[in-house]
Amino acid sequence: MPNISAVKRRYQRVRTLHLNSHPGKQQTVWKNAELRRRQSRRVRLHARRTKVVMTDERELWRSVTVDMMSDEESEDEDHLVIRTPRWRSKQLDRLVKVLDCRIEQRKAPTVMTRVNGPPSTRKPPTDVDVEHLVDPQFRD
């Protein structure tokens, strides 16, 4: 008997390819692909940081969502520019830096170095109901 979830994924993939093959949809297809790529990177980053959270940090980290992760932009072939959301609270920024240090200690050196860039201009997520994660000046 075939795996039902695999059949559903295959159907969704074929359907998406068919719908996106229509003339005039190319701009939307590219836009959606870019959005998925960025979101995918944030999901992986959140998962990586979650693995190194210590017991005393779990209370704060429990409220953190994927949308609170930083943006990365490749400026050239040598390094990756990290753009921290400017609306993120100082407390959360400190925790993220600690988690990133733990991750760096555990992994092998990467080909691309990461450098801090200007803050991200992305708006804070609207579904965040935990006030201590968003800087007071960026709250509604």
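The values are calculated or read from the model by the stated rules, or taken from the named source; none is laboratory data. Worth saying up front: this structure is predicted, and the values here are computed from it rather than measured. Positions of Cβ are generated from backbone atoms using ideal geometry, with glycine treated the same way; all protein chains shown enter the neighbour counts. What goes into the accessible areas is simple: the full protein's heavy atoms, side chains included, and nothing from ligands, DNA or RNA. Shrake-Rupley method; radii C 1.70, N 1.55, O 1.52, S 1.80 Å.
Failed condition for residue 71, given (1) surrounded by fewer than 12 Cβ atoms within 10 Å (Cβ to Cβ); (2) modelled with pLDDT under 85, with all others met?
Evaluating residue 71 over (1) surrounded by fewer than 12 Cβ atoms within 10 Å (Cβ to Cβ); (2) modelled with pLDDT under 85 leaves (1) as the failure.
Of all residues in segment 87-140, which are modelled with pLDDT under 75, open to solvent by 80 Å² or more (accessible area, probe 1.4 Å) and among the basic types (Lys, Arg)?
Those that are modelled with pLDDT under 75, open to solvent by 80 Å² or more (accessible area, probe 1.4 Å) and among the basic types (Lys, Arg): 114, 139.
Given the condition open to solvent by 70 Å² or more (accessible area, probe 1.4 Å) and of a type in the set (Phe, Trp, Tyr), answer yes or no: does some residue in segment 24-40 qualify?
Taking every residue of segment 24-40 in turn, at least one turns out to be open to solvent by 70 Å² or more (accessible area, probe 1.4 Å) and of a type in the set (Phe, Trp, Tyr).
Can you find a residue in segment 16-29 that is more than 17 Å from the chain's Cα centre (by Cα) and on the phi > 0 side of the Ramachandran plot?
Yes: one or more hits.
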